[in-house]
1. Considering only C-alpha atoms, what is the centroid distance from the stretch 42-114 to the stretch 272-323, in Å?
2. Return a whole-number percent for the relative contact order of the stretch 214-371, with Cα pairs under 8 Å and 6 or more residues apart as the contact set.
3. Can you give the three extents of the C-alpha atoms in the stretch 139-264 along their principal axes, from longest to shortest, in whole Å?
4. Bin all alpha-carbon pair distances of the stretch 174-221 at 5 Å intervals from 0 and give each bin's fraction as a whole percent.
5. How long are the semi-axes of the ellipsoid equivalent to the stretch 210-350, from square roots of 5 times the Cα gyration tensor eigenvalues, in whole Å, largest first?
6. Net charge within 14 Å of F236 by Cβ-Cβ distance, Lys/Arg positive one each and Asp/Glu negative one each, not counting F236 itself?
7. What number, rounded to the nearest 500 deg cm²/dmol, is the helix-based mean residue ellipticity at 222 nm of the chain, given -39500 (n - 2.57) per DSSP H run of at least four residues and division by all its residues?
8. DSSP H helices in the chain with Cα extent of 18 Å or more along the helix axis and mean Kyte-Doolittle hydropathy at least -0.5?
Amino acid sequence: MLRPNTLALTAMLAFLTALGPLATDMYLPSLPAIGRLLGASTAEVQLTLSVFLCGFAVGQIIYGPLSDRHGRKPVLIATLVLFAAASAVCAAAPTIETLIAARFLQALAGSGPVVLARSVVRDLYEGARAGRELSLMGMILGVVPTAAPILGGGVQATLGWRANFVLPVLAGLVLALVVWRRLPETLRQRAPERISPRAMLEIYAGLTRHGAFRAYLALTTLTYAGLFAWISASSFVLQDLYGLSEFAFGIAFALACLGYVLGALTATRLILRLGLDRTVGYGVTCLAGGGMLMVLTLASGFGSAVTLVATMTVYLFGVGLGFQASIAGALTPFPDRAGAASSLVGFTQMTLAALVGIAVGHALGESAWPLAATVALMGVSALAVWAATRKVRRAGVPEKART
C-alpha cells in the first residue's frame with residue numbers, strides 16, 4: 001500500500017492531478033491542424049479548451065461532497081475509468097462539434113482526480129506541511145506541461161492530431177488500476193448528510209462565509225486565469241503570429257513551463273521556513289512582474305517569441321511558487337470538509353479561466369496584446385488581493401497552520 005510521507009504516494013497523487021494538463025497540453029500543437037482538418041475557425045478550436053474548463057468546473061462541484069460522503073477511493077476509480085472512455089471519444093471525433101462535446105465529457109470525468117488528490121493531501125497533512133506536499137506534487141506535475149507539448153508536437157507531425165488523445169486513454173486506465181490495488185482509503189470520518197443539490201449549496205455557502213477561504217480562493221483563481229490565458233492563446237500567437245513550427249512551439253512552451261517547475265521546487269524549500277502566506281506573497285509578486293514585463297516588451301516594440309516566452313516564464317515561476325500554497329491555505333480551515341473545499345476552489349478557478357479563455361480567443365487577431373494584457377491584469381490583481389487581505393488571512397488561519 002502507498003503510505004504517507006513517501007515519494008511513491010506523492011508521485012501517484014501528482015500523476016492524478018496531471019491528467020487535466022496532459023489532456024490539454026499534449027494537443028496544443030495540434031490546434032491549428034484541427035482547425036484546418038475539421039474546417040473550424042480559431043474561435044471554434046479554442047472552444048475545445050474553454051469547454052474543457054467548464055467541464056472541469058462542473059465536475060469539481062460534484063466530486064468533493066460525494067467523496068466526503070462515500071470515500072475518496074470509489075469516486076476516484078469511477079472518474080478515472082470515465083476519463084479514459086471520454087478520451088477515446090475525443091480521438092475518434094469526426095467533427096469539431098463532436099470534439100467539443102467529447103472534451104466537455106473528458107473534463108467532467110478528469111476533474112475528479114484533481115479534487116480527490118488534493119482532498120487526500122488534506123486528509124493526511126495540514127497547513128504548511130500540506131502546502132509542501134502540494135508543491136512537491138506541483139514540481140512533479142510540472143514535467144507534464146514541460147514534456148507534453150514536445151511529445152504532442154512530434155506526434156502531430158508523424159501521426160496526426162487524433163493520436164494525441166490516445167495517451168490520456170492509457171493514463172486513465174493505468175491510474176485506475178494503481179488506485180484500486182495500492183491506494184488506501186484516507187477519509188477518516190464520512191460526512192453524515194445525504195448528498196443533494198440543497199445540501200451542497202448549504203455546504204458551499206458555509207465555506208464562503210470564511211474570510212480567509214475567500215482570500216485564498218481569489219488568489220488561486222486569479223493565478224490560474226492568467227495561466228489559462230497563456231495555455232489557450234500561446235499556440236496561435238507563437239505559431240500564427242511569430243511563425244514557429246509545431247515542434248518549435250512545443251519546445252517554446254516547455255521552456256516556459258520550466259519556470260513553473262523551478263517555482264514549485266523553490267516552494268518546497270521555502271514553505272516550511274517562511275510559511276504559507278509569505279510564500280504566496282513572493283509568488284504573486286512574480287505574477288505581477290512577469291505580466292508587466294510582457295506588456296512593456298510589446299509596448300516598446302520588442303515583442304517576439306523570445307520575449308513572450310521569457311516573460312511568461314517569470315509568471316509561471318510565480319505560479320509554481322504560490323499557487324499550491326494558496327490552495328493549502330484555502331483547505332486548511334476545513335479538515336472535515338476537505339473534499340467540498342477542494343471542489344469549490346476548483347470550480348471557481350476553472351469557471352473564471354474558461355471565461356478568460358473564451359474572451360482571449362475571440363480577441364486574438366494580428367497581435368499578442370490580448371494575451372499580454374490578460375496575463376498582466378491577472379498578475380497585478382493577485383498581488384493587490386494578497387496585499388489587501390493580509391489581516392483577514394491571518395485571522396482566519398491559525399499561526400501554527402500558516403507556519
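1. So the separation of the two Cα centres works out to 30 Å.
2. Computed value for the stretch 214-371: 41 percent relative contact order.
3. 55, 38, 29
4. 4, 15, 13, 13, 15, 19, 15, 5
5. Ellipsoid semi-axes (Å, largest first): 30, 16, 13.
6. It works out to a net charge of -3.
7. Working: 18 runs with 326 residues, N = 403.
The per-residue figure over the chain is -27500 deg cm²/dmol.
8. Values: long enough: 42-70 (42 Å, 0.68); 72-92 (31 Å, 1.66); 96-124 (42 Å, 0.96); 127-141 (21 Å, 0.59); 143-158 (22 Å, 1.06); 166-182 (24 Å, 1.86); 211-235 (38 Å, 0.91); 246-274 (42 Å, 1.56); 276-299 (35 Å, 1.17); 305-331 (38 Å, 1.62); 338-363 (37 Å, 1.33); 369-388 (28 Å, 1.66).
Those that clear 18 Å and a mean of -0.5 are 42-70, 72-92, 96-124, 127-141, 143-158, 166-182, 211-235, 246-274, 276-299, 305-331, 338-363, 369-388.
No value in this document is a laboratory result; all are computed from the given coordinates. Just so you know, these numbers come straight off a predicted model, no measurement behind them. Every residue, glycine as well, gets a Cβ built from its backbone with ideal geometry; the counts of neighbours run over all protein chains shown.
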